[in-house]
Amino acid sequence: MPAWPKSVYTFGANLLTAGAEWRLRQKRSALGAQKRTFDVLVGHLARTSFWQGNGVVAGMSYDSFQARVTPRSYEQFAPIIERVRKGEADVLWPGKCAFFAVSSGTTAGRTKYLPVTEEMLGHFRRAGLDSLLYYTVRMKHAAVFRGRHLFLGGSTALTPMDDVKPHEAYAGDLSGITALNLPPWVEKHLYEPGLEIAQMTDWPAKLEAIVQRTSGLDITMLAGIPSWVLILAAALREKSTQGKRRISNLQGLWPNFECFVHGGVPIGPFQEELRAALGPTVNFHEVYPASEAFIAAQDTDAGLGLRLMADVGVFYEFIPMADFDESRLDQLGRKTIPLVGVQTGVDYALVMTTPAGLARYVIGDVVRFISTEPHRLVYVGRTKLQLSAFGEHVIEKEVTDSLLAVTRRNGWTIVNFHVAPVFVNTHTGQTKGRHEWWVELRPGTVTTPTGPQMAAALDLELQKLNDDYEAKRKGGGLDAPVVRLVMPGVFEHWLKFQGKWGGQHKMPRCRSDRLIADELAQITMFARD
């Protein structure tokens, strides 16, 4: 495929980068952008049957919006979304909706159908471009646009929703919907692995096709979930050994490869392995995308949080986790805080109003602001993915950070993990609750730990990070944790059984029940047999 003429590249990419840098330097722009976004969204919502019935009128103040519109979970939106799915017009957003992003999240719950309107597609296009421009601002050059951009995502194939005919509607991964609606210049000059391969649903076959297509291309950017990127890197290295050229990392294959975009899962447990697989000078660029919206992206050094994307068409609110209770969302309308009122160091449930017509939607994510000038945050976990069966209030980030600290200190490499409670059981003699860690180590780890050795280290590390856990442990309310070191392939088997192998699927890190842990136990039992 022809490359951009150098003059066009230099002018266009550098002009966009300069514009992004100017916007990032406007300290107060996020608050002004949120006010403008609110006004625009309310104007559209006021033209729909559902929101008119819930008191939304054009030009209303935020105070009125806060008083009249109840925060809602997906389950509460589902019956209204079903009307949209069946072709009813002007329900949540003006007009009809033809695309629905399918998302099951990471809580092993019901499938979600999220409407993707034309305006929502515009949001994702602009936010995706801005997130990459944030990278060029950090690097002080736009060379990443000179080559191809490889997106290791789920299948872009869309499924016709036959049960809603004669309305014509399609469902699929958000990556598929956005890939089919790319600007022509992106599809022609940047996007890989090409629309044909991107549509493949068979993960091993798709991986092989990507390897065959991209091994000879000039790839400058790679985006994907860390665990799947490592699998791709191994496949590309293996292909190189079959020919005359042998590579130790992807920069040996793609000399201009400079940017790895990651998001959706904490990268910590995979960082050192990724560095070795990708190359010594590849820059890591973190983003925070969701099926509901593109939320934030890295604009500065790692560890300082991600810049909230406040000017791309989504209005944000935040509920302090101290006040959050999903069973009484109808009582929390006045507890929400707009961006102007957030504070650092506080955990918030994320609430958003989007150009898909989902107003005050509680998406289930928990975030914490690192700074407010500018507004940078970190993803903390899921409202439902917490360890609090015994009142210990351990969040996903603390679980991940504890494991990362222990593995780095000991030189252990993690493939996957999950943490669950073990409840009191008089039949087994379990008189107190405890945590159970299911951990799969990378084969070939230099020093292999025992379960009790790792459990003791994790126990101490988690006590450093969480006061409630420390109090429960020292006060006798919780027994010491136990670690189950599982054989290679256990988590792969679980993901495949759940239909989550490949693409954008992620392993739930913790739950306050044993839904996943008991399924892992079944897998390990069958493996022993």
Practice item. With the condition kept exactly as written, say whether any residue in the stretch 327-339 is acidic (Asp, Glu), in contact (Cβ under 8 Å) with a residue 24 or more places away in the chain and over 20 Å from HIS123 (Cα atoms). Key: yes
Study note, to complete from the structure: Per the filter on the stretch 444-495, residues over 27 Å from the mean Cα position of the chain (by Cα), over 29 Å from THR431 (Cα atoms) and not hydrophobic (A, V, I, L, M, F, W, C) are GLY444, THR445, THR447, THR448
Review point. Residues in the stretch 211-228: is at least one part of a helix (DSSP H, G or I), at pLDDT below 85 and surrounded by fewer than 16 Cβ atoms within 10 Å (Cβ to Cβ)?
Key: no
Check your understanding: Residue check: is ALA389 within 19 Å of ASP467 (Cβ to Cβ) and either in contact (Cβ under 8 Å) with a residue 60 or more places away in the chain or over 15 Å from the mean Cα position of the chain (by Cα) (or both)?
Key -> yes
Study note, to complete from the structure: Exactly one of ALA157, ALA89 is modelled with pLDDT of 90 or more, surrounded by fewer than 18 Cβ atoms within 10 Å (Cβ to Cβ), more than 26 Å from TYR316 (Cβ to Cβ) and not acidic (Asp, Glu), and that residue is ALA89
Exercise for review: Identify, by number, the condition in (1) within 17 Å of the chain's Cα centre (by Cα); (2) not in a loop (DSSP other than H, G, I, E, B) that ILE81 doesn't meet.
Suggested key: (1)
**Study point:** Out of PHE270, PHE257, sole residue that is crowded, with 17+ Cβ neighbours inside 10 Å, assigned to a loop (DSSP other than H, G, I, E, B) and either aromatic (Phe, Trp, Tyr) or on the phi > 0 side of the Ramachandran plot (or both)
**Key:** PHE257
Review point. Residues of the stretch 160-206 being surrounded by 13 or more Cβ atoms within 10 Å (Cβ to Cβ), of a type in the set (A, V, I, L, M, F, W, C) and not in a loop (DSSP other than H, G, I, E, B), which ones?
Key: VAL164, ALA171, LEU174, ILE177, ALA179, VAL186, LEU195, ILE197, ALA198, TRP203
Check your understanding: ALA356 is checked against (1) crowded, with 24+ Cβ neighbours inside 10 Å; (2) under 16 Å from the mean Cα position of the chain (by Cα); (3) hydrophobic (A, V, I, L, M, F, W, C) and fails just one. What number does that condition carry?
Key -> (2)
Revision key, fill the gap. Going through the stretch 434-486 in order, the residues found to be part of a loop (DSSP other than H, G, I, E, B) and under 19 Å from ASP518 (Cα atoms) are PRO481, VAL486
Exercise for review: May I ask you to list pairs of residues, at least six apart or on different chains, whose Cβ atoms are under 8 Å apart, with the first in the stretch 187-200 being in contact (Cβ under 8 Å) with a residue 40 or more places away in the chain and the second being aromatic (Phe, Trp, Tyr) and assigned to a loop (DSSP other than H, G, I, E, B)?
Suggested key: HIS189/TRP4
Check your understanding: Within the bounds of the stretch 207-223, is there any residue that is among the acidic types (Asp, Glu), free of Cβ contacts under 8 Å to residues at least 12 places away in the same chain, out of contact with any Asp or Glu (no Cβ under 9 Å at 6 or more places or on another chain) and closer than 26 Å to VAL102 by Cβ?
Key -> no
Practice item. Report, by residue number, each residue of the stretch 487-529 that is farther than 23 Å from PRO421 by Cβ, outside any loop (DSSP other than H, G, I, E, B) and modelled with pLDDT of 75 or more. Key: GLU492, LYS496
Review point. Hey, among the residues in the stretch 300-337 that are of a type outside the set (Val, Ile, Thr) and in a strand (DSSP E or B), which one's surrounded by the fewest Cβ atoms within 10 Å (Cβ to Cβ)?
Key: PRO320
Review point. Which residue pairs have Cβ atoms closer than 8 Å, lie 6 or more positions apart in sequence or on different chains, and pair a first residue in the stretch 458-487 that is closer than 21 Å to ARG409 by Cα and in the same structural domain as ARG409 (by TED's automatic domain parsing) with a second residue that is modelled with pLDDT under 90 and exposed (fewer than 14 other Cβ atoms within 10 Å of the Cβ)?
Key: GLN463/LYS474; LEU485/THR450
Practice item. Kindly indicate the residue of the stretch 281-292 that is assigned to a loop (DSSP other than H, G, I, E, B) and at pLDDT below 95 and also farthest from ILE247 (Cα to Cα) among those meeting that condition. Key: GLU292
Check your understanding: Using beta carbons and a limit of 8 Å, which pairs, at least six apart or on different chains, have the first residue in the stretch 143-156 and under 11 Å from THR178 (Cβ atoms) and not assigned by TED's automatic domain parsing to the domain that holds MET200 and the second one of a type in the set (Val, Ile, Thr) and crowded, with 22+ Cβ neighbours inside 10 Å?
Key -> none
Check your understanding: In the stretch 375-395, how many residues are outside any loop (DSSP other than H, G, I, E, B), buried (at least 23 other Cβ atoms within 10 Å of the Cβ), modelled with pLDDT under 90 and not small (Gly, Ala, Ser)?
Key -> 4
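The values are calculated or read from the model by the stated rules, or taken from the named source; none is laboratory data. Values in this document were obtained by computation on a predicted structure and should not be read as measured data. Virtual Cβ from ideal backbone geometry, glycine too; neighbours counted across all protein chains shown.
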